[in-house]
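If you scroll down you'll find the structure; I have some questions about it.
Values quoted throughout were computed directly from the atomic coordinates according to the rules given, and no laboratory measurement underlies them. Values in this document were obtained by computation on a predicted structure and should not be read as measured data. Every residue, glycine among them, receives a Cβ derived from its backbone with ideal geometry; neighbour counts consider all protein chains shown.
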Amino acid sequence: MGNLHNTMTRGQKAAVLLSLDGIFMCIALFTALQLRLGELWPVQYFPEATGLFILMPLIGMAFSWWMGIPRIVLRTFERRALLRLGQFALIMAVVCAILDWDYRFGLPRSIPGIWAAVFLFYAVFSRLFLLDLMDRFQSRTTPKKAVLIYGAGSTGQQLMAALQGSPDVKPVGFLDDNPALRRVEVSGLRVFQPDDLQTLVDRRGVAQVILAMPSLAPAKQRRILERLKVSKVEVLTLPSFETMLDGRALRDQLRPVSVDDLLGRDTVDLSSAEISSAYTGRTILISGAGGSIGSELCRQILETSPARIVLYEQSEYALYQIDMELRAIAPATVQIVAVLGSVCDSARVSRTLQMYDVEIVLHAAAYKHVPLVEDNAVEGARNNILGTRTLADAAEAAGVQRFILVSTDKAVRPTNIMGATKRMAELVIQDRQTRSRGTIFTMVRFGNVLGSSGSVIPLFRKQIQAGGPVTLTHPDVTRYFMTIPEAAQLVLLAGSFAEGGEVFVLDMGKPVKIRDLARSLIELSGLSVRDDGNPDGDIAIEVTGLRPGEKLYEELLIDDSTIATPHPKILRAAEGHLSQTETASSLHEIEGAVTSGDIPSLRSTLERRLDGYKPSNPAERLSS
């Protein structure tokens with residue numbers, strides 16, 4: 001039955017349903033006579049009403065095809081389909097009455113109404129029977145995964161209806177912590193309390209829970225996820241309502257639990273009128289436009305209606321991607337310019353800034369992967385330090401109004417080359433501000449960005465999918481986290497606040513233990529952690545040791561002194577900087593070390609000039 005259904009074309013399936021309805025029209029007429037007369041075999045009406053038994057199916061099948069009833073997909077048979085079937089039954093009852101009147105079939109006047117009720121019963125029952133039959137045959141050949149939907153509200157009910165036609169999963173009930181819904185049935189499925197989950201897992205083989213509460217506060221969502229972790233079921237979630245409006249089917253928007261969900265941290269609303277007024281009608285250049293932060297800056301800048309966005313990127317593929325994306329959504333009033341080039345190329349940078357009359361520079365181009373930069377110190381310094389100097393010099397020479405450097409928490413008391421080069425880049429910008437003749441130079445510093453390239457979370461997911469182990473550099477590593485949109489908004493808003501030389505940071509709450517995130521990702525994938533207390537677990541967490549230059553924890557401020565800004569969640573750090581002579585001398589030494597490939601000299605200069613720089617592995621590395 002299941003295989004036959006799968007091999008039939010849509011037209012063949014519609015023809016089968018049409019034929020069944022035609023048969024049921026005849027049977028319903030006979031049943032109506034039985035019910036009206038109270039006789040099992042009302043033969044007295046057969047000679048006169050024979051024509052009606054022929055006309056009703058013929059006319060009814062024509063009307064049914066015209067109304068599209070046979071073409072309603074069986075698996076989507078629900079309220080609207082039932083309403084259309086009821087409309088058809090009423091129309092055919094009127095047709096029956098008219099035929100009986102015109103052709104003098106001599107039926108009792110109540111027969112059309114009884115016929116409509118009986119036919120509707122037969123038609124609905126037959127469809128539900130066929131649907132159940134298909135499910136039974138299909139479950140024997142390809143068993144479906146039993147799922148529970150957490151949240152019996154409107155979103156949960158819509159998701160249940162969307163999953164009814166899925167070949168892979170079968171909703172078996174709802175979970176909801178509302179006591180008023182205990183043991184109630186919603187959309188034909190029973191509502192259970194969250195405390196019943198383990199029983200359902202054991203008795204009904206539930207393997208997956210879908211959290212269908214997109215408007216839930218992050219803190220409450222985190223509490224729910226903590227309760228679900230202990231049941232060893234995979235947990236999926238729906239995105240926010242804003243994301244769900246992208247036109248995709250509801251069941252196509254299910255996703256694994258994200259770290260945003262696990263953190264339970266309320267995202268900071270950084271949207272404000274200052275952003276729009278600072279960037280509307282301007283020409284903005286974004287360096288590193290194809291990166292995680294750079295591309296999000298491009299998207300958010302586009303929403304402020306600038307005159308022109310200049311995409312500056314050294315990766316051809318990354319530039320192609322962001323250029324194609326923006327051109328597809330940019331209004332005709334916004335010019336998109338794609339420029340392939342390096343921030344270390346002085347001539348290319350200067351020509352670009354002057355050619356397009358750039359007013360604001362958002363400098364997001366940087367080498368940021370700690371181990372890679374540690375092993376390629378010369379190129380890290382060339383790009384992150386000398387490239388920043390080159391772009392800053394060209395920006396002031398071109399009369400750029402604002403220059404915002406995107407920095408990192410790894411620049412605070414750095415223990416690695418990447419953090420040291422970013423701290424030196426901050427000092428370059430602070431020094432540039434002290435002698436700027438018009439350009440406002442400022443910088444923004446933030447922690448780990450969820451979903452950015454090289455983030456540890458995608459690595460954890462790949463390791464879990466591969467069966468483990470999940471690798472952790474140290475059990476006590478902690479990090480601050482923020483979302484990519486938050487990071488981009490922080491850059492834009494801080495840029496609008498800037499008066500020159502400031503370091504802006506976001507109040508990011510408490511740092512998070514990476515080990516706790518790894519354990520949560522494993523458990524919410526329906527698996528268990530294998531350790532000494534659970535030697536039969538699914539996925540082990542292995543500690544590999546800190547990588548060169550890696551810190552146990554990150555900081556956002558060099559000292560605790562901050563100055564308030566117009567936004568309560570944005571802090572302005574009051575930090576010292578090198579003198580003009582010290583900065584010039586440092587840059588001269590760094591440029592010489594980069595040119596000659598002298599790594600020990602480069603490390604020595606950074607250690608001498610950067611307050612708090614404590615290399616974790618000061619030994620000279622061979623590659624450059």
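Students often forget the sequence filter, so: which lysines lie under 16 Å Cα-Cα from LYS513 once same-chain residues fewer than 8 apart are removed?
LYS551
Next question. Expressed as a whole percent, how much of the Cα-Cα distance distribution for the range 273-609 exceeds 28 Å?
Values: 24525 of 56616 pairs.
Percentage above 28 Å: 43.
Sorted from largest to smallest, which semi-axis lengths in Å does the alpha carbon gyration tensor of the range 396-518 give for its equivalent ellipsoid, taking the root of 5 times each eigenvalue?
Value: 34, 15, 12 Å, ordered largest first.
Which chymotrypsin sites (Phe, Trp or Tyr not before Pro) from the range 271-373 combine a DSSP loop assignment with at most 15 other Cβ atoms within 10 Å? Display every interim value, and only then the final one.
Working: sites: TYR279, TYR312, TYR317, TYR320, TYR356, TYR367; in loops: TYR356, TYR367.
Sparse-neighbourhood loop chymotrypsin sites (Phe, Trp or Tyr not before Pro): none present.
Take each of the peptides 582-591, 402-411, average the number of other beta-carbon atoms within 10 Å over its residues, and list them starting from the highest. The partial results should precede the final answer.
Values: 582-591: 16.9, 402-411: 25.9.
The packing order, highest mean first, is 402-411, 582-591.
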